[in-house]
Amino acid sequence: MIQTISSIRLNIGENDAILKEKACKIAKISPSKIKYFKIVKKSLDARKKNDIHFVCSVVIGDEIEKEPPIIKEEFNHPKKPTVIIGSGPAGLFSALILARKGFKPIVIERGGDVENRKKSIDDFINTRILDKNSNVQFGEGGAGTFSDGKLNTGVKSPFSTFVLNEFVKHGANEEILYLNKPHVGSDVLPKVVKSIREEIISLGGQYMFDTVFYDLTIKNGAVSEIFLEKDGKKFSLEVENLILAIGHSSRDTYKMLYNRGFSMETKDTAVGFRIEHLQDDINKAQYGNNYDKRLPVADYKLTSNICSRGVFTFCMCPGGFVMPATSEENAVVTNGMSNFLRDGKNANSAVVVQVKKEDYPSGIIEAIDYIENFEKKAFVLANSDYSAPCQLVGDFLKGKISTGFKKVKPTYPLGVKFCDLSKIYPKIYIDCIKKSLIDMGKRLNVFDADDAILTAPCTRTSSPVRIVRGENLSSINIINAYPAGETGYAGGIMSSAIDGIRVANTISEKYLIKSN
């Protein structure tokens, strides 16, 4: 019999291996009779500072859990390829599903593979010369590759477990299968992405790195051909289906698609800053001043509705670093990342305010430019050399330019310049962030500390526009083009991967040979 045992207490310092013994004691079963054991959930209960512990659920049984039967599918594969634009989570998992079904997809990626992409990022930090196609935003694995690899999501999907299992199969730590807030780490995720790519290629898929998708031809309401450029040479590909997994930052691609007649609409987004604290201060705020050093580094998730615009934290990176994340010259963008161990001195997260679609000038392209202008303004404000504008929280709240750091030191590797951050965004955004910082500080008592650091701007939370698709997941007016992931249908690694799977399954269903 297979059964789930819930609410098992695991004290700080106790190894996961003891869970089997505890579960057997609760179930009144001898450990010697257990043939199947699996941890399915582990979360930290820190509600009482003097009694912090883990709460776990496991599955045990005196028989081996049977794997579900594999359903054999046969397809009438089309002669022309399914082409995927972008190798972030949506593109990666749509390619994996299609490759396993024999479709031999072609993945087009404007940036480099993970090894060369890392070199491009390092070169930018060392030389301040930006590769516009291979950077923190663009390249194999997408923007999430260099943002901690957080895998928590609010999306309820039967594909969630599949995605997590694939990450583990390809090199992620097995704990992501049961931790309440799993993450892979920016030092591990590149290896995982590379391993998945190698499986796709082994199944007949193709990758074209450093290849820019710059145009397409539409005939009879469908994409017939796409135009690409690599190493200065232009060429074209005929396509059967086109998956647009272009992420939230391919502004040139969005503009091209709009000019070619794709139906688009504006949507809300959010902009703001990265905020940094000492990780030890966050630990003390969450666990108490005398917290056990064996506890995992603490995180937080805060929201405030004290203003007319909602303000919230986003992409919190414990023990992490603030990264230069622009994909365009003469612009500054910040993002956060952390490695698997999360052992950096600072914690950082985005603190952002809602941008309503009514804020944009009229038009799709104008909405895209509206967000980009904040990044250009920040570039000029901070020396025009990719340094980032910076201000201590206490000075930001008082409206004065900072003159020196205190105990928190910035981690942005290209250097920062003290500036008046209120010059970057409209007054309504600044006022809401100021009020919300104080409001959030009432719930996390160091959040609005005078010595915390704000680094600007954080503008790539999501795209301000969406490629409109219908119930069959294709564009509502281009029948064989499938927007996927952060083109308006996901917001992070997990939800993007899940959306990519849905799109791949929808496409493959068109060619499924039905059994009688």
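The values are calculated or read from the model by the stated rules, or taken from the named source; none is laboratory data. All values reported here derive from a predicted model rather than from experimental measurement. Cβ placement follows ideal geometry from the backbone for every residue including glycine, while neighbour counts extend to all protein chains displayed.
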Residue list for the stretch 396-414, filter: surrounded by 15 or more Cβ atoms within 10 Å (Cβ to Cβ) and in contact (Cβ under 8 Å) with a residue 24 or more places away in the chain: Phe396, Leu397, Val408, Pro410, Thr411, Tyr412, Pro413, Leu414
Conditions (1) in contact with a Leu (Cβ under 9 Å, 6 or more places away or on another chain); (2) buried (at least 22 other Cβ atoms within 10 Å of the Cβ); (3) basic (Lys, Arg): number failed by Arg460: (1)
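Restricting to the stretch 304-326, name every residue that is polar (S, T, N, Q) and out of contact with any helix residue (DSSP H, G or I) (no Cβ under 8 Å at 6 or more places or on another chain). Even if it seems obvious, please write down each step before you answer.
Our first condition is that a residue be polar (S, T, N, Q); within the stretch 304-326, this holds for 304-305, 308, 313, 326.
Passing the criteria: only Asn305.
Out of the residues in the stretch 3-39 meeting the condition of being hydrophobic (A, V, I, L, M, F, W, C) and in contact (Cβ under 8 Å) with a residue 60 or more places away in the chain, tell me which one is surrounded by the most Cβ atoms within 10 Å (Cβ to Cβ). So that I can check it myself, show each step before the final result.
Here is the first cut: in the stretch 3-39, the ones hydrophobic (A, V, I, L, M, F, W, C) are 5, 8, 10, 12, 17-19, 23-24, 26-27, 29, 34, 37, 39.
If we keep only those that are in contact (Cβ under 8 Å) with a residue 60 or more places away in the chain too, we end up with 12, 39.
Values: Ile12: 14, Ile39: 20.
Among those that are hydrophobic (A, V, I, L, M, F, W, C) and in contact (Cβ under 8 Å) with a residue 60 or more places away in the chain, it is Ile39.
Which residues, counting only those in the stretch 128-144, are of a type in the set (A, V, I, L, M, F, W, C) and over 16 Å from Ile84 (Cβ atoms)?
The first filter runs over the stretch 128-144 and keeps only residues of a type in the set (A, V, I, L, M, F, W, C), leaving 129-130, 136, 138, 143.
Ile129, Leu130, Val136, Ala143 - these are the residues of the stretch 128-144 that are of a type in the set (A, V, I, L, M, F, W, C) and over 16 Å from Ile84 (Cβ atoms).
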Top-ranked residue of the stretch 61-91 - restricted to ones that are at pLDDT 95 or above and not in a loop (DSSP other than H, G, I, E, B), ranked as nearest to Asn283 (Cα to Cα): Pro89
Unmet requirement for Ile467, which otherwise passes all of (1) touching a Leu at 6+ places or on another chain (Cβ under 7 Å); (2) surrounded by fewer than 24 Cβ atoms within 10 Å (Cβ to Cβ): (2)
Where Phe235 falls short, out of the listed (1) aromatic (Phe, Trp, Tyr); (2) exposed (fewer than 15 other Cβ atoms within 10 Å of the Cβ); (3) not assigned by TED's automatic domain parsing to the domain that holds Ile108: (3)
Sole exception among (1) surrounded by fewer than 24 Cβ atoms within 10 Å (Cβ to Cβ); (2) closer than 23 Å to Asn152 by Cα for Val503, by number: (1)
Single unsatisfied condition, Leu341 versus (1) crowded, with 23+ Cβ neighbours inside 10 Å; (2) farther than 13 Å from Ile424 by Cβ: (1)
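Can you tell me how many residues within the stretch 129-150 are in a loop (DSSP other than H, G, I, E, B) and modelled with pLDDT of 85 or more?
Initially, the stretch 129-150 is screened for residues in a loop (DSSP other than H, G, I, E, B), giving 129-142, 147-149.
If we keep only those that are modelled with pLDDT of 85 or more too, we end up with 129-142.
Total satisfying the criteria: 14.
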Test for Val446: is it farther than 29 Å from Gly310 by Cα and at pLDDT 95 or above: no
